[in-house]
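The structure appears below as structure tokens.
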Amino acid sequence: MLAMWAYVRYVEESKAPSPKARIYYLGTLVWFTLGLMSKPMVVTLPCVLLLLDWWPLGRWQSGQAAAGGEGEGPAGPGKLQLLTEKIPFFVLSVGASIVTLVAVHREGAASAVARLPFKIRFVTAGVSYFRYLEKTVWPSDLGAMYPFVIHYPKWELICIALVLAGISAVAWQVRKARPFWLVGWLWYAGMLFPVMNLVAAGGQPMADRYMYLPSIGLLVLICWDAYDLAGRWRMGRVILGGLCGVGLAACCVTTSNQLQYWRNEGTLLSRVTQPETNFLGHANYAAYLMNHNQLKQAQAECDKAVSIVPKYGLVQGLLGNILMLEGKYDDAIATLRSAQRLDPSLAAIHVPLGRALLGKKRLEEAAGEFRLAIETEPRNYEAHDWLGRTLLAEGKTADGVAEFHKSLALQPNQVEVLNNLAWMLATNPRGELRNGAEAVQLARRACELTRDTQFIFLGTLAAAYAEAGRFDEAAATAQKAADLAAKEGNKAAASRNLELLQIYRSRQAFHQKP
């Protein structure tokens with residue numbers, strides 16, 4: 001919006017040669033650059049500026065006054081000049097588009113969409129154009145994300161095509177008498193184009209936030225036309241003003257209600273599951289519940305998603321992950337294997353499948369899955385962690401410790417890995433694998449990250465202090481761990497830390513039995 005304001009000022013200053021014109025032109029470029037850094041879909045602004053040149057600025061006409069087309073005015077700058085002055089804007093747009101596409105494909109966000117045939121993406125884009133129109137006029141069933149719908153009734157597609165073609169035809173037909181129709185319609189269609197997935201640049205067909213800027217075009221069309229029509233009635237504009245007031249009041253109420261769903265991630269994702277056919281909404285809400293350890297509810301949501309799209313590997317993989325966390329290892333293994341058959345490219349399957357196999361003590365198979373995860377995603381720190389745990393279970397202590405180090409090199413702030421590695425370095429029965437100084441460093445970091453609120457981590461720090469020969473600190477830390485465990489009602493942990501406290505007071509370190 002600031003870029004357009006600066007551009008209009010540039011056009012005004014250009015009518016009578018003024019040094020300010022260059023300043024406003026540079027200002028337009030600066031605001032446009034900042035806009036691109038905020039939201040890449042602003043790439044279409046150069047095209048919007050060309051539309052504004054046509055109407056209301058009237059720069060395409062050679063001898064007519066701007067906006068109205070009545071009377072004579074100064075000659076316009078010429079179409080070639082209009083295009084030339086937009087070259088820096090188009091260069092910025094192309095650069096931002098390339099960066100965005102590279103980033104999207106690197107993150108894999110467009111992979112599922114890219115596998116859809118172009119015909120389906122083309123039809124989906126047309127349907128989305130219509131649905132955006134529909135929700136602008138009557139905003140119901142709004143959501144943060146919408147799923148792809150592969151099959152539409154033919155009659156519905158025909159009706160949508162007729163509506164879009166009809167509006168386009170009207171906009172072109174009345175372009176001279178009512179230029180705001182063509183400008184508003186092209187503004188709407190053009191600004192939505194980058195997010196229509198015709199080039200597979202995202203993972204969903206539409207989102208309410210995509211309409212922030214394109215809706216301005218529709219509102220230009222509606223407001224200018226309504227104003228003109230109302231001017232033909234004696235009390236038209238008074239009545240129109242009253243109706244607008246009622247409409248705005250209704251918008252305030254519905255906006256207030258809508259904001260309640262945006263309080264936090266949980267309330268938003270619970271809303272996204274509506275309507276019931278939104279498998280993507282159910283899957284995202286299931287993932288949220290899983291991450292917040294509400295596994296029973298997560299499985300229920302994921303079951304709904306699976307019932308809608310039973311042959312979608314990503315959803316099957318999510319269900320398998322939830323089953324694994326619930327300890328239902330046999331069901332998890334079967335579900336995750338099914339997800340692999342449905343979509344062999346799913347790299348995220350390997351870690352949960354490996355954990356399920358580890359839960360069944362199938363150590364060699366589990367290690368194989370974790371190695372596949374690392375091979376597919378070399379920076380998968382979680383896979384290194386679980387491979388380390390598996391190697392420890394196999395008795396390959398040195399190899400396991402090496403995997404923990406690799407995991408921490410990729411993500412240093414994993415408190416559980418910090419604690420596990422510190423415990424191994426402090427208490428390992430094999431002296432050549434112990435390292436008290438490093439154990440202290442790792443355990444202290446885990447305690448700092450959790451603000452000394454976890455008695456397990458404090459117990460590890462105490463063992464590390466003892467291995468490093470710092471027995472007084474070991475005893476004090478073990479006492480703190482025992483007190484914290486007792487406060488939390490864990491009598492067994494409190495008792496165990498008190499036993500270790502006596503060992504440290506006797507100036508000895510604790511080592512596990514071979």
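The values are calculated or read from the model by the stated rules, or taken from the named source; none is laboratory data. Here the structure is a predicted model, which is why all the values come from computation and not from measurement. Counting neighbours? That spans all protein chains shown, and the Cβs are built from the backbone with ideal geometry, glycine included.
General remarks:
- The single condition among (1) buried (at least 20 other Cβ atoms within 10 Å of the Cβ); (2) in contact with a Leu (Cβ under 9 Å, 6 or more places away or on another chain); (3) part of a helix (DSSP H, G or I) that Thr136 does not satisfy is (1).
- Given (1) surrounded by fewer than 20 Cβ atoms within 10 Å (Cβ to Cβ); (2) more than 18 Å from Lys513 (Cβ to Cβ); (3) not assigned by TED's automatic domain parsing to the domain that holds Asp483, index of the condition Gly395 fails: (2)
- Here is the figure for region 223-242: residues that are assigned to a helix (DSSP H, G or I) and either of a type in the set (A, V, I, L, M, F, W, C) or out of contact with any helix residue (DSSP H, G or I) (no Cβ under 8 Å at 6 or more places or on another chain) (or both) total 11.
- Cross-chain or 6+ apart pairs with Cβ under 8 Å, region 372-391 first and without any contact (Cβ under 8 Å) to a residue 60 or more places away in the chain, then among the polar types (S, T, N, Q) and outside any helix (DSSP H, G or I): Ala373/Asn380; Ile374/Asn380; Tyr381/Gln411; Tyr381/Gln414; Asp385/Gln414
- Within region 468-481, tally of residues that are surrounded by fewer than 24 Cβ atoms within 10 Å (Cβ to Cβ) and outside any loop (DSSP other than H, G, I, E, B): 7
- In summary, helices (runs of 4 or more DSSP H) completely within region 243-354 and bearing 3 or more residues that are without any contact (Cβ under 8 Å) to a residue 24 or more places away in the chain occur at 265-272, 279-291, 295-308, 329-342.
- Any hit, region 362-384, residues being more than 18 Å from Ser407 (Cβ to Cβ), at pLDDT 95 or above and crowded, with 24+ Cβ neighbours inside 10 Å: no
- Region 44-66, residues that are modelled with pLDDT under 95 and either touching a Ser or Thr at 6+ places or on another chain (Cβ under 8 Å) or assigned to a strand (DSSP E or B) (or both): Gln64
- Within region 496-514, the residues that satisfy the criterion of being in a helix (DSSP H, G or I) and surrounded by 13 or more Cβ atoms within 10 Å (Cβ to Cβ) are Arg496, Asn497, Leu498, Leu500, Leu501, Ile503, Tyr504, Arg505.
- Looking only at residues in region 342-361 that are within 24 Å of the chain's Cα centre (by Cα) and of a type outside the set (A, V, I, L, M, F, W, C), the one that is surrounded by the most Cβ atoms within 10 Å (Cβ to Cβ) is Pro352.
- Pick from region 17-27, criterion without any contact (Cβ under 8 Å) to a residue 60 or more places away in the chain and assigned to a helix (DSSP H, G or I), ranking: farthest from Leu92 (Cα to Cα): Lys20
Conditions tested, residue by residue: (1) of a type in the set (Phe, Trp, Tyr); (2) farther than 30 Å from Ile308 by Cα; (3) surrounded by 14 or more Cβ atoms within 10 Å (Cβ to Cβ).
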| site | (1), (2), (3) |
| --- | --- |
| Asp208 | no, no, yes |
| Ile222 | no, yes, yes |
| Cys244 | no, yes, no |
| Leu248 | no, yes, no |
| Ser256 | no, yes, no |
| Tyr261 | yes, no, yes |
| His282 | no, no, yes |
